[in-house]
Amino acid sequence: MKKNENLNKWLWKWHFVAGLISLPFILVLSITGGIYLFKTDYETPRQKHIKEVMVQGNPISFEKQLQIANKNAFKKPNALIVSTKPNLATEFISGRFGGKSSLYVNPYSGNVSGQIISKETDMFKIRKLHGELLMGKFGTKIVELIASWMVVLILTGLYIWWPIRSWNVKGLFIPRIRQGKRILFRDLHAIIGFWISGLLILILAGGFPWTDVFGSNFKQIQKITNTGYPASWNGTQLQSKPTGKPLTVDQMVAKANSLYLPGVVTLHLPKGPKSIFSVSNQNPSHLKSQKKIHFDQYSGQQILSNDWEDVGVLMKGRMWVMAFHQGEFGTWNWVLMLSVASALTVMSISALVSYVLRKRKGTWGIPKVPIAFKVGYGIVILIGILSLVFPLFGASLLTLLVIEYIKKINKRKKTMV
C-alpha cells in the first residue's frame, strides 16, 4: 500500500492533537481498569467475615431468614442468592446496579452477619472513577468522548505507523535503542500500539454499551430491530393466579436447586399477590448457559422459560464484549486484560516522554500540514460514519474544525495587514 505523505502529515497532526488532549484521561482509564480487575482478590478477604459462617447444626428455614432480612435491611429484599455451600451466609439483595445492597443472614443462628452496600465499597469508587471520573453524568460523557477519540487514535496511528518505503520486520518487535531517547520512546509507543490495536478496539466495544449517548442509541436500535432481550425475559407482564396459599421461599429454593443451573443462581421474589417467582443464573464465563424461568407463586408451575437462544443477536454481542472487557472468560481473559491495561499505560507514558523530548520551547510542537492539502472524499466519508456512530466525537470534531477555521482567517487577516 503506497502512502500519501501529505495525508500522513494531516493524520499525524490530528493524531497528535487528539492524543495530547486525551492522554491524561487514557492514563486514568488504563490504570483504574487494571486495578478493577483485582476486585475479587481485594474484596474476598475483606468480606470473608460477612459472607462465611460456621456450620452449626441444621439451618433455619429460608422463610424465617427472609423475615429476618426484611426487619434488618434498609430496603425490602427483592431477591436472594441460592447458596451452594453450607458455610455461606444467605445473601438477600435489595435494589440493582449502583443502588444494590446485600444483607447476609447466618442460616444457623439467624444473626445478620453484615451488609454490603455496593456504592460504599472501594472497588465501586474505582469503577466510578473508571466509568465517569467521579463526576456523574458529565463524567460519563467525558469518558465516552475520550473512548470515541481513542478509536480515531488507533485508526490514525495504524496509518501513520504503516511504513512509507520498505518493511523492517525487526521494527515490528524491537525499538531502536541506539538512536536517542526520543526515538526509543517513539518506537515503544508505536510497537506497543500496533500489537494491541485490535484488542483495544474490542475492549472499547465492551465499554461503549455503558455510555450515555452511544449506549442509549445502541439500546434504541436493539428495541427497533428486536435484537435485545425478549419482552418476556423480566416477566413484568406475567401474573400468578391467586388460588390458596403461595409457595414458601423454601419450596422455591428447592425448585431452583432442582434446575441445576450453573453459575450464581438468583431467586427473584414476588412483588405482590399477583406477581411471580423467577429463577435466573449469572455465568459470564459461559454465556450460553444463561436462563430465566418464571413460576406461578401459588401452584409453583412453570409459566415461561427463556434461555440464550431467545436473546437477540445485538444483545448477545453486547454481553460478549462486556464480559470480555471485564476479563470474565477465565484466567486467560483476565491476564489478557491486565496485559493490555499495562501496555496501554506504558504506551501512553512513552508517547508523553517522546513528545517532551521532541517539543521545542515556546511551542506546542504540533505537526505542520501543507496549506494546499485537501482531504479526499474517502476520508470525509469515514469521518462522517465515525461521527454518526460516535455522536460526541462528531460534535467535538466540528468544534475543533471551527476553531481551526477561525485561526486560518485570523492568519490571513494578519498577512493582509
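Quick one: with all protein chains in place, what share of the accessible area of region 144-297 is carbon or sulfur, to the nearest percent (1.4 Å probe)?
Accessible surface attributable to carbon and sulfur in region 144-297 totals 60 percent.
Tally Lys/Arg at +1 and Asp/Glu at -1 over every other residue whose Cβ is under 13 Å from the Cβ of Ile191; what's the total?
Charge balance near Ile191 sits at +2.
Enumerate the calculated ³J(HN,Hα) couplings along region 128-145 in order (Karplus 6.51 cos²θ - 1.76 cosθ + 1.60, θ = phi - 60°), each rounded to whole Hz, writing x wherever the residue is Gly or Pro.
These are the phi-based 3J(HN,Hα) values: 5, 5, 5, x, 8, 6, 6, 10, x, 4, 4, x, 4, 5, 5, 4, 4, 4 Hz.
So what are region 270-417's ellipsoid semi-axes, whole angstrom, largest first, if each one is the square root of 5 times an eigenvalue of the alpha-carbon gyration tensor?
The equivalent ellipsoid of region 270-417 has semi-axes of 54, 23, 14 Å.
Can you give me the angle between helix 62-72 and the longest principal axis of the chain, using Cα atoms only, in degrees from 0 to 90, rounded to the nearest 10?
So the helix axis and the longest Cα principal axis differ by about 60 degrees.
Report, largest value first, the span of the C-alpha coordinates of region 151-197 along each principal axis, in whole Å.
Result, largest extent first: 32, 22, 15 Å.
How much accessible surface area, in Å² rounded to 10, belongs to the heavy atoms of Ser305 with a 1.4 Å probe?
For Ser305, the solvent-accessible surface is approximately 50 Å².
Counting Lys and Arg as +1 and Asp and Glu as -1, each charge on the Cβ, what is the dipole of the chain about the Cα centre in debye, to the nearest 20?
That gives the chain a dipole magnitude of about 2260 debye.
Which of Ser285, Ala231, Gly263 sits farthest toward the positive end of the charge dipole of region 189-297, with +1 on the Cβ of Lys and Arg and -1 on the Cβ of Asp and Glu?
Ala231
Probe of 1.4 angstrom, ligands and nucleic acids ignored: what's the accessible area per residue over region 57-173, in square angstrom?
Per-residue accessible area for region 57-173 comes out at 55 Å².
Order the following by accessible area, largest value first: Arg186, Arg178, Arg358, Arg96. Probe radius 1.4 Å; ligands, DNA and RNA are ignored.
Arg178, Arg96, Arg186, Arg358
Based on C-alpha coordinates, I'd like the Rg and Dmax of region 1-131, in Å.
Radius of gyration, then largest Cα-Cα span, for region 1-131: 23.6, 79 Å.
Find, among the chymotrypsin sites (Phe, Trp or Tyr not before Pro) in region 170-243, those assigned to loop by DSSP (not H, G, I, E, B) with at most 15 other beta-carbon atoms within 10 angstrom.
Listed in order of number, the matching sites are Phe173.
Quick check: net charge around Ser299, other residues with Cβ under 14 Å of its Cβ, Lys/Arg +1 and Asp/Glu -1?
Summing Lys and Arg as +1 and Asp and Glu as -1 gives +3.
Got a number for the accessible area of Ile146? Probe 1.4 Å, square angstrom, nearest 10.
Rounded to the nearest 10, the figure is 10 Å².
If the cut-off is a Cα-Cα distance under 30 Å, which lysines reach Lys181, setting aside same-chain residues fewer than 8 apart in sequence?
Lys2, Lys3, Lys9, Lys13, Lys170, Lys359, Lys361, Lys368
Give me the number: length gained by fully extending Lys223 to Asp41, i.e. 0.36 nm times residue separation minus the C-alpha to C-alpha distance, one decimal in nm.
Residue separation times 0.36 nm, minus the Cα-Cα distance, leaves 61.8 nm.
Counting other Cβ atoms within 10 Å of each Cβ, which trypsin sites (Lys or Arg not before Pro) in region 194-296 have at most 16 and sit in a DSSP loop?
Passing sites in region 194-296 are Lys271, Lys274.
Show that you can apply the helix-only estimate: for the chain, add -39,500 (n - 2.57) for every DSSP H stretch of four or more residues, divide by all residues, and state [θ] at 222 nm to the nearest 500.
Value at 222 nm, helices only: -18000 deg cm²/dmol.
Probe 1.4 Å, all protein chains in place: accessible area of Val380 in Å², nearest 10?
In the full protein context, Val380 sits at about 80 Å².
Return the ratio Rg/(2.2 N^0.38 Å) for region 310-354, where Rg is computed over Cα atoms only.
Expressed relative to 2.2 N^0.38 Å, the Cα Rg reads 1.58.
How are the C-alpha pair distances of region 235-353 spread across 5 Å bins, as whole percents from the shortest bin up?
2, 10, 16, 15, 13, 11, 9, 7, 5, 4, 3, 2, 1, 0, 0
Please state the charge dipole magnitude for region 302-417, taken about the Cα centre, from unit charges on C-beta atoms (+1 on K and R, -1 on D and E), reported in debye and rounded to the nearest 20.
1680 debye
Hey, can you grab everything whose amide H is under 5 Å from the amide H of Glu52? Only 5+ residues off in sequence or another chain; H modelled, so Pro and N-termini drop out.
Ala89
About the Cα centre, and with charges only on the beta carbon of Lys, Arg (+1) and Asp, Glu (-1), how big is the dipole of region 1-59? Nearest 20 debye, please.
320 debye
Give me the log10 of I(q) over I(0) for region 190-269 at q = 0.10, 0.19 Å⁻¹, as the Debye formula computes it from C-alpha points; what are the numbers?
-0.54, -1.01
Quick check: convex hull over the Cα atoms of the chain, volume per residue in Å³, rounded to an integer?
Spelled out: Cα convex hull of the chain, divided by residues, is 190 Å³.
The values are calculated or read from the model by the stated rules, or taken from the named source; none is laboratory data. Predicted, not measured: the structure shown is a model, and the values here were computed from it. Methodologically, a virtual Cβ is constructed for each residue, glycine included, from the backbone with ideal geometry; neighbour enumeration extends over all protein chains shown. We work out accessible area using only protein heavy atoms, side chains counted, and drop any ligands, DNA or RNA first. Shrake-Rupley method; radii C 1.70, N 1.55, O 1.52, S 1.80 Å.
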